[in-house]
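Engineer: I am attaching a structure below and will ask some questions about it afterwards.
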Amino acid sequence: DQQVKQNSPSLSVQEGRISILNCDYTNSMFDYFLWYKKYPAEGPTFLISISSIKDKNEDGRFTVFLNKSAKHLSLHIVPSQPGDSAVYFCAASEAQGAQKLVFGQGTRLTINP
Amino acid sequence: DARVTQTPRHKVTEMGQEVTMRCQPILGHNTVFWYRQTMMQGLELLAYFRNRAPLDDSGMPKDRFSAEMPDATLATLKIQPSEPRDSAVYFCASGLDGGHQETQYFGPGTRLLVL
């Protein structure tokens, strides 16, 4: 039973355009959401997070949106750059802090020059 | 530059053999997590520890997997006996629960192939 789902295994975007990665969850107890980025042969690295009390969090080119009623979050990257090509994992937990995370399957983003 | 280290980085073994993966968490972190990455499931949580005590190992096949923290600087994940379906990348992550850090820091992973 996948509590966190990323339904798009891959996404291809042209450099300079907006990349939008989506994530859905089913557990209403989730209170904190994160995005991780992973390059080949490396571990995932933290990118951005959002608490359930907010609906948007922005950090430079990265913005995460949360729609609690739809149990949906998205990551926007604008403008997209070639270095953004990686696998992006959505994750959720029932509390902030170094708590147990439930991850999605990941979306492979490719930025084309 | 503090980081999580994992050894070995790659392991090829035959079915039935014991496999031991090691992780050194970031100094001062009090939570340690073991994940397995597969194509179908993404990142699955196998086990996690807080202050060296196991809190949740419900994601781990108990008959063949075991996870321990002999001390605060070492976490181990063992598979005995290993099976081809265990082939995956295993990640260790550490974090500071109750601190201002709000995330987990991942090691580079151990890529396991069981033949």
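Engineer: In the range B:65-78, what residues are over 11 Å from the mean Cα position of the chain (by Cα) and either part of a loop (DSSP other than H, G, I, E, B) or surrounded by 16 or more Cβ atoms within 10 Å (Cβ to Cβ) (or both)?
Structural biologist: B:ALA72, B:THR73
Engineer: Against the definition (over 23 Å from B:THR13 (Cα atoms) and either of a type in the set (Ser, Thr, Tyr) or in contact (Cβ under 8 Å) with a residue 40 or more places away in the chain (or both)), how does B:ASN30 come out, yes or no?
Structural biologist: Working: over 23 Å from B:THR13 (Cα atoms): yes; either of a type in the set (Ser, Thr, Tyr) or in contact (Cβ under 8 Å) with a residue 40 or more places away in the chain (or both): yes.
It is true that B:ASN30 is over 23 Å from B:THR13 (Cα atoms) and either of a type in the set (Ser, Thr, Tyr) or in contact (Cβ under 8 Å) with a residue 40 or more places away in the chain (or both).
Engineer: Separate question: Among B:ARG64, B:ARG36, which is the only one that is charged (D, E, K, R), touching an Asp or Glu at 6+ places or on another chain (Cβ under 6 Å) and either under 13 Å from B:ALA88 (Cβ atoms) or in contact (Cβ under 8 Å) with a residue 12 or more places away in the chain (or both)?
Structural biologist: Values: B:ARG64 fails: touching an Asp or Glu at 6+ places or on another chain (Cβ under 6 Å).
So the residue among B:ARG64, B:ARG36 that is charged (D, E, K, R), touching an Asp or Glu at 6+ places or on another chain (Cβ under 6 Å) and either under 13 Å from B:ALA88 (Cβ atoms) or in contact (Cβ under 8 Å) with a residue 12 or more places away in the chain (or both) is B:ARG36.
Engineer: So B:GLY16 fits all but one of (1) away from chain A (no Cβ under 13 Å); (2) farther than 17 Å from B:TYR90 by Cα; (3) in a strand (DSSP E or B); what number is the exception?
Structural biologist: Among (1) away from chain A (no Cβ under 13 Å); (2) farther than 17 Å from B:TYR90 by Cα; (3) in a strand (DSSP E or B), B:GLY16 violates only (3).
Engineer: Does B:ARG3 fit the bill of being out of contact with any Leu (no Cβ under 6 Å at 6 or more places or on another chain), surrounded by 13 or more Cβ atoms within 10 Å (Cβ to Cβ) and part of a loop (DSSP other than H, G, I, E, B)?
Structural biologist: Details: out of contact with any Leu (no Cβ under 6 Å at 6 or more places or on another chain): yes; surrounded by 13 or more Cβ atoms within 10 Å (Cβ to Cβ): yes; part of a loop (DSSP other than H, G, I, E, B): yes.
Considered against the rule, which asks whether it is out of contact with any Leu (no Cβ under 6 Å at 6 or more places or on another chain), surrounded by 13 or more Cβ atoms within 10 Å (Cβ to Cβ) and part of a loop (DSSP other than H, G, I, E, B), B:ARG3 comes out as yes.
Yes/no matrix, rows are residues, columns are (1) more than 23 Å from B:SER94 (Cα to Cα); (2) out of contact with any Gly (no Cβ under 6 Å at 6 or more places or on another chain); (3) not basic (Lys, Arg):
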residue	(1), (2), (3)
A:ARG17	yes, yes, no
A:SER28	yes, yes, yes
A:ASP31	no, yes, yes
A:GLU42	no, yes, yes
A:LEU47	no, yes, yes
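Engineer: Suppose we keep only residues that are in contact with a helix residue (DSSP H, G or I) (Cβ under 8 Å, 6 or more places away or on another chain) and closer than 26 Å to B:ALA93 by Cα within the range A:65-113. Which one would you say is surrounded by the most Cβ atoms within 10 Å (Cβ to Cβ)?
Structural biologist: Taking the candidates together, the pick is A:ILE77.
Residue-wise test of (1) out of contact with any helix residue (DSSP H, G or I) (no Cβ under 7 Å at 6 or more places or on another chain); (2) of a type in the set (Gly, Ala, Ser); (3) in a loop (DSSP other than H, G, I, E, B); (4) surrounded by 14 or more Cβ atoms within 10 Å (Cβ to Cβ).
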| position | (1), (2), (3), (4) |
| --- | --- |
| B:VAL32 | yes, no, no, yes |
| B:ARG36 | yes, no, no, yes |
| B:TYR48 | yes, no, no, yes |
| B:ASP63 | yes, no, yes, no |
| B:ARG85 | yes, no, no, no |
| B:CYS92 | yes, no, no, yes |
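A short reminder: the numbers here are calculations on the coordinates, not readings from a lab. None of these values were measured; they are calculated from a predicted model. All Cβ positions, even for glycine, are placed from backbone atoms using ideal geometry, and neighbour counts span all protein chains on display.
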